[in-house]
4 protein chains.
Amino acid sequence: MTTQVIVLNGGSSSGKSGIVRCLQSELPDPWLAAAIDAFVDSLPASLRASDAGIEFAEDGGVAVGPEFRKLEAAWREGVAAMVRAGARVIVDDVFLGGPASQEPWRKALAGLDVLWVGVRCGSTVAEAREVARGDRPKGMAAAQAEMVHRGVAYDLEVDTTNAESLDCARTIAARLT
Amino acid sequence: MTTQVIVLNGGSSSGKSGIVRCLQSELPDPWLAAAIDAFVDSLPASLRASDAGIEFAEDGGVAVGPEFRKLEAAWREGVAAMVRAGARVIVDDVFLGGPASQEPWRKALAGLDVLWVGVRCGSTVAEAREVARGDRPKGMAAAQAEMVHRGVAYDLEVDTTNAESLDCARTIAARLT
Amino acid sequence: MTTQVIVLNGGSSSGKSGIVRCLQSELPDPWLAAAIDAFVDSLPASLRASDAGIEFAEDGGVAVGPEFRKLEAAWREGVAAMVRAGARVIVDDVFLGGPASQEPWRKALAGLDVLWVGVRCGSTVAEAREVARGDRPKGMAAAQAEMVHRGVAYDLEVDTTNAESLDCARTIAARLT
Amino acid sequence: MTTQVIVLNGGSSSGKSGIVRCLQSELPDPWLAAAIDAFVDSLPASLRASDAGIEFAEDGGVAVGPEFRKLEAAWREGVAAMVRAGARVIVDDVFLGGPASQEPWRKALAGLDVLWVGVRCGSTVAEAREVARGDRPKGMAAAQAEMVHRGVAYDLEVDTTNAESLDCARTIAARLT
């Protein structure tokens, strides 16, 4: 049996999307990307800034409501179904609830061969990259840097603080079975 | 039973994405968008310009290969699973194969309450909008305007040639059960 | 002497950018685009949401402050200098102050051969297109539809309410000398 | 007299845009960004892929033609005029011709207080970042990494190979007079 799903968890500006693109480029088989950002983009505009949906505060805080959670649960089922239908998928998520965010993924992906990867980035460096990107509310990177990893179990952790995305991707690729 | 999936089929620059955003804005319940363009964006860059994946020729032609078809089939299963898990979804696709493209959607969505919608746009107007967008290969709109509808069965057809996306969205919304 | 600058003035979602791309595509000589949106993108992020810079209210209102005005004046001089250096330029602006916004352009472009074009769009249609785009604060289109034209003098007016951008572009192109 | 223009020169994927955003964020006064990428975006689509304009080859090579050069010269005059009109400007360019690219900037900015900055990035790292971005032709970063700096004179050089954009921006900011 070979790895069917790679789940990347890391804070905002930790470098997840870059690692996804490098994995897609490095791995010999085609892997689909399933990013929480793309899921958020598929929501109605009204849910992208409301109590029922998701709100990005000016201080970098993120709050999600009941409608968001319901659709997010359906999205996880959709990702799992893609894998069961034969697609290899790289999930790129932010576990705002730590283990409480990992648990529903565990259930949705039950029976599949999953590689759980923590993507760490030192808070100061993540914050600096947030300024350099210029498209994220200031403070989100620092707020999430540690929080999203607390209590989460991984098969592998990579750290982008002093490593390029491509090197992290190669470390992950070497662990696929 | 109420409508669970809306499938929009139409050629490039026929106005599908605008209708999706208007539907998301007009409908009281939250609907997720599942666009073929977002699926293509989730592919590895290498598949986005290769014989095995999808190729956009300079004359507006589009060719898809075996790897693309395999992942596309998994994507359809993923969309169906999201609906079965409780999400309302608006699919936005281009049936390059006409009925041969509709059939796999029929199978994937079997048992669900689907509204099939044809989005038409006169070839000359679609071509003019393609120039105004400036981000699509010239010729794609004209090449697909008629082709994608041949032999496809709809519950409803809208025409954006002389109507705004919002009006078309309201026509569709009025047909939901 | 031939036309050296085309200045398009119109409200948000009136279709200016589409007309610019169509003009660039239709006109035999290369014309540069100089859009107020691109100018705003070139500002520091802090000025894009502050009293000193520009603020987009949730109701579609737009307020500009002293720092914004100072840099905007420099931008106009930059555009004029490009024209004097031999480039043909299409300006795409929103005269929030009506004649008070046209006047500084008149001064900056003094001595150059300018075609002043009003881009109108009925308020209801502009509002519908704003929903279909989904990337502008709701209300901006309606708020600006009439306001930006009051007291402004044009060589030519086009109306996108019932016409494609490409047709409007051709009408403009026919007036170039 | 204080610094009026900062000119950053560096190869593709060397990190120039990130440094620009960090400078805009760190510097107390508002600075406008004038990027060669934004200039290219303001060209007609036809010039963005033609012998007369600019061509990006699949191997990462870039060729510019006579129409491109003519408009680029006008753009430089426009940037200089913005500075003379009182705006502080950060130019972000790629000196494909080395000293032959610096010379016309020297002439355009004559009499202004300019800080010339070289932005270096080791070829291997720039290439890795190119893969992680995923929106540039592969090979461009490596092709330009050394070439654009040969024979160019700087007031200051920064190296993003092992430093964050924000740190490089602070080094530059410390040199402003």
Q: Give the stretch C:1-53 a look and list any residue that's under 16 Å from the mean Cα position of the chain (by Cα) and among the β-branched types (Val, Ile, Thr), or say none.
A: C:Val5, C:Ile6, C:Val7, C:Ile19, C:Val20, C:Ile36, C:Val40
Q.
Quick check on my filter: what residues within the stretch B:45-70 are more than 8 Å from every other protein chain (Cβ to nearest Cβ), without any contact (Cβ under 8 Å) to a residue 60 or more places away in the chain and open to solvent by less than 20 Å² (accessible area, probe 1.4 Å)?
A. B:Ile54, B:Gly65, B:Phe68
Q) Quick one: is C:Gly15 open to solvent by less than 10 Å² (accessible area, probe 1.4 Å), small (Gly, Ala, Ser) and closer than 17 Å to C:Glu157 by Cβ? A) no
Q) Has the stretch A:99-121 got any residue that is at positive phi, in contact (Cβ under 8 Å) with a residue 24 or more places away in the chain, in a loop (DSSP other than H, G, I, E, B) and not acidic (Asp, Glu)? A) no
Q. If B:Leu96 passes every condition in (1) in contact (Cβ under 8 Å) with a residue 24 or more places away in the chain; (2) open to solvent by less than 40 Å² (accessible area, probe 1.4 Å) but one, which one does it miss?
A. (2)
Q. Is there a residue in the stretch D:90-103 that is in contact with a helix residue (DSSP H, G or I) (Cβ under 6 Å, 6 or more places away or on another chain) and either within 8 Å of chain C (Cβ to nearest Cβ) or small (Gly, Ala, Ser) (or both)?
A. no
Q | Residue list for the stretch C:143-177, restricted to those being open to solvent by 70 Å² or more (accessible area, probe 1.4 Å), assigned to a loop (DSSP other than H, G, I, E, B) and within 14 Å of chain B (Cβ to nearest Cβ) | A | C:Asn162
Q. Just checking, how many residues over the stretch B:78-88 are open to solvent by 10 Å² or more (accessible area, probe 1.4 Å) and part of a helix (DSSP H, G or I)?
A. 3
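Taking D:Trp75, is it in a strand (DSSP E or B), open to solvent by 20 Å² or more (accessible area, probe 1.4 Å) and modelled with pLDDT of 95 or more?
Details: in a strand (DSSP E or B): no; open to solvent by 20 Å² or more (accessible area, probe 1.4 Å): yes; modelled with pLDDT of 95 or more: yes.
Judged against the criteria, D:Trp75 is not a match.
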Q. For the stretch D:6-44, what are the residues that are hydrophobic (A, V, I, L, M, F, W, C), within 13 Å of chain A (Cβ to nearest Cβ) and assigned to a helix (DSSP H, G or I)?
A. D:Ile19, D:Val20, D:Cys22, D:Leu23
Q: Examine the stretch A:29-44 for a residue that is free of Cβ contacts under 8 Å to residues at least 12 places away in the same chain, open to solvent by 50 Å² or more (accessible area, probe 1.4 Å) and on the phi < 0 side of the Ramachandran plot, and state whether such a residue exists.
A: yes
Q. Is it the case that the stretch B:89-97 has a residue that's under 28 Å from C:Ala128 (Cβ atoms) and assigned to a helix (DSSP H, G or I)?
A. no
Q. Would you call B:Gly118 small (Gly, Ala, Ser) and touching a strand residue (DSSP E or B) at 6+ places or on another chain (Cβ under 8 Å)?
A. yes
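Taking the stretch A:109-142, which residues are among the acidic types (Asp, Glu) and open to solvent by 10 Å² or more (accessible area, probe 1.4 Å)? Can you show your working first?
First pass over the stretch A:109-142, keeping only residues among the acidic types (Asp, Glu): A:113, A:127, A:130, A:135.
A:Asp113, A:Glu127, A:Asp135, listed by residue number.
The values are calculated or read from the model by the stated rules, or taken from the named source; none is laboratory data. Remember, predicted model here, so these are calculated numbers, not experimental data. No Cβ is skipped: glycine too gets one built from the backbone with ideal geometry, and neighbour counts run over all protein chains shown. Quick note on the areas: whole protein, heavy atoms, side chains included, nothing else; ligands and nucleic acids left out. Shrake-Rupley method; radii C 1.70, N 1.55, O 1.52, S 1.80 Å.
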